[in-house]
Amino acid sequence: MTNHLATALGLADPARHDRRFASMEDGRHYSYAHVEQVSARFAAALVALGVTPGDRVAVQVDKSIEAVMLYLGAVRAGAIFLPLNTAYTAAEINYFLGDAEPALFVCAPAHHDALAPVAARHNARIETMGVWTPEAADNGSLFGHIPEAAAFDDIARTADDLAAILYTSGTTGRSKGAMLSHANLASNAETLAAHWRFTPEDVLIHALPIFHTHGLFVATNTALVAGSALLFRTKFDPVQTLQDMAKATALMGVPTFYTRLLDQEGLTREATNAMRLFVSGSAPLLAETHERWHARTGHAILERYGMTETNMNTSNPYEGVRRAGTVGQALPGVEVIVTDPESGQALPTGETGMVEVRGPNVFQGYWRMPEKTAEEKRDNGFFITGDLGRYDEDGYLSIVGRAKDLVISGGYNVYPKEVETALDTVEGVVESAVIGLPHPDFGEGVAAVVVRSDAALTEEALVAAVAGDLARYKQPRRVFFVEALPRNTMGKVQKKDLRQTYAEAFQPEAKAG
Ligand code: MLC
Ligand code: AMP
């Protein structure tokens, strides 16, 4: 028996070993032979540290090629990889470690002292990992456990075994761990590599974080399956990305990447000549952005739609019309239907309803939350996404809204309930409603409408009070104090009204208020 995902990713394929896998900012290169050998050494280190098959390995480290090797090493060691956003606070990490009970927690060296007690509380071994240097191996980091020998016999894992758990915030405020199997990840990477025509000739600009689906699975796994190369960038910088386009063929990004690139004067047809593919996802790409990009570069951005729980579901076509404002058609092997939210019956073309998804990409359920899984996954296997969509006559799906109360800021999900819970515990706050408002850079920006009992409570003091509990991107960028929240006769807060009232809050001409 083999390791299902490691095999699909082609890690052991000697035919590709001479090829380049990644080029770093500092000019270093990584070959596919390196990927095989270094991920083997990481796998061996995990086993030596006592990680056994099925154990969770939680990781909150800065983006580095070594972090990718740790991910691949975890897969090869039969562990369940659990990446965590680097913006999470100690309070958030405390929840994740308590819920997932990892055997090992790997964090950035700078956070060791703050997080060691958190790891200890949940009986997780803690190791640090920064950027690799020869000295780092001697400084008590994970590198010190990496053996010299490269050989490692991958631990056998079936298609149904879990490869990763990715946390996604919940409507109740408690994050849920989406359990992804080897086959979930492998099948989607294979589908995307074929659908988007990735080959060993491709060079993908990789500027996304590697702790979420987009950067870790859509970008990295797809490149690995195809044997493509990465221009590996630790962070998105539009100037750098524009330069990279001269030596790359593809870019994957969230809409903020594209709007920031459009602000660059150098974005022209010539600058994008070498590129064959621009993919956007994780948040809605405005039709206007799609059109401006086309006018400037001659390229039609390919928009696709996915989720942590499902990987990718739909994509605009590689050949054929890429329709602005739509997320294209269901990917091969994936069923995507639009249903009546009440009855679950499929709706005719043109009608708006709940988007539901079934296929080999759909996750195994929420970690230790069978009741949540049952709420969102039907007996017939369809997963209820919480997104509202509509099909046109040509089979293109548009995401027209969300039934779930969710804000997507720069591609990061923020669940209002979690932010409201944090705000409501602050002294002087009576109640709060958190909403997403149109934001020129992040697509949506987080705003809070708050009823206070203490008239002296300021916007700054309130945001500072929740800063220890919430990652920076979840914190409200604007706070509006009101006498009372608008409610309907059932007592439910009318967020739609609030979104209308404050619609202009993040527009450049808007005044502070
Ligand atoms: C950073 N900040 C954000 C933010 N990113 N605030 C709100 N929303 C965000 N997305 C904060 C910083 O902490 C900082 O705070 C301030 O905003 C300015 O930072 P910046 O330097 O301008 O931000 P930058 O580092 O350039 O990051 C912006 C970004 C990044 C768009 C490049 O957010 C990003 O890489 N987003 C991609 C997210 C992603 O990968 N999503 C995929 C999820 S998977 P201060 O303190 O200075 O105010 C998924 C499934 C699917 O959804 O379909 O793919
Ligand atoms: P996450 O939970 O981070 O995986 O975010 C998934 C959510 O992002 C989906 O349920 C959608 O609401 C949203 N999303 C992803 N891609 C798109 C897209 N192309 N257009 C609109 N929304 C998207």
Cα coordinate range in segment 277-345, projected on the principal axes (Å, largest first): 45, 23, 22
Electrostatic dipole magnitude of segment 254-398 [Cβ: Lys, Arg +1; Asp, Glu -1; Cα centre; debye, to 20]: 540 debye
Projecting the Cα atoms of Ala90, Ala100, Ala22 onto the charge dipole of segment 1-116, where Lys and Arg contribute +1 and Asp and Glu -1 at Cβ, the residue farthest towards the positive end is Ala22
Mind jotting down a quarter of the surface of the convex hull over the alpha carbons of segment 443-513, in square nanometres, one decimal? 5.9 nm²
Charge tally for neighbours of Lys474 with beta carbon under 10 Å away, counting Lys, Arg as +1 and Asp, Glu as -1, is -2
Run the reach check for Lys176 against lysines, Cα to Cα strictly under 25 Å, same-chain hits fewer than 8 apart removed. What comes back? Lys63, Lys372, Lys377, Lys404, Lys417, Lys474, Lys492, Lys495
Protein-only accessible surface order, largest first, of Lys404, Lys235, Lys247 at 1.4 Å: Lys235, Lys247, Lys404
For segment 1-125, which whole percent of the accessible surface, found with a 1.4 angstrom probe, sits on carbon and sulfur atoms? 51 percent
Among the DSSP beta bridges whose two residues both lie in the chain, what percent are antiparallel, rounded to the nearest 5? 60 percent
Using a 1.4 Å probe and ignoring any ligands, DNA or RNA, find the accessible area of Ser453 and quote it in Å² to the nearest 10. 90 Å²
Give me the percent of the accessible area of segment 388-513 that comes from carbon and sulfur atoms, probe 1.4 Å, all protein chains in place. 50 percent
Filter the GluC sites (Glu not before Pro) in segment 264-322 down to the DSSP loop ones having no more than 15 other Cβ atoms within 10 Å, then list what survives. Glu265, Glu270, Glu319
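Find, to one decimal place in angstroms, the Kirkwood hydrodynamic radius of segment 368-486, where the mean of 1/r is taken over every pair of different Cα atoms and then inverted.
Value: 16.3 Å, from the Cα pair sum.
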With eigenvalues of the C-alpha gyration tensor scaled by 5 and rooted, the chain, Å: 35, 29, 24
Taking the alpha-carbon centroid of each part, what is the distance from segment 241-273 to segment 109-179 in angstrom? 33 Å
Per residue, how large is the accessible surface of the chain? Use a 1.4 angstrom probe and give square angstrom. 40 Å²
Got a number for carbon plus sulfur as a percent of segment 214-293's accessible area, 1.4 Å probe? 52 percent
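When the helices in the chain are scored as -39500 (n - 2.57) per DSSP H run of 4 or longer and the sum is shared across all residues, what 222 nm value do you end up with, to the nearest 500 deg cm²/dmol?
Numbers: 14 runs with 131 residues, N = 513.
Taking each H run of at least 4 residues, the total per residue is -7500 deg cm²/dmol.
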If one computes the Cα centroid of segment 46-72 and of segment 373-429, what distance in Å separates the two points? 30 Å
According to a simple spin-label model (label point 7 Å from Cα along Cα-to-Cβ), what is the distance in nm between Asp394 and Glu288? 2.3 nm
When you count, for each residue, the other Cβ atoms within 10 Å and take the mean per peptide, how do 334-343, 53-62 rank with the highest first? 53-62, 334-343
Backbone N under 18 Å from the Ala15 label point (7 Å along Cα→Cβ), restricted to segment 199-230: 199-202, 223-229
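The values are calculated or read from the model by the stated rules, or taken from the named source; none is laboratory data. Since the model is a prediction, treat every value here as computed from it, not as a measurement. Counting neighbours? That spans all protein chains shown, and the Cβs are built from the backbone with ideal geometry, glycine included. Accessible surface areas use protein heavy atoms only, side chains included; no ligands, DNA or RNA. Shrake-Rupley method; radii C 1.70, N 1.55, O 1.52, S 1.80 Å.
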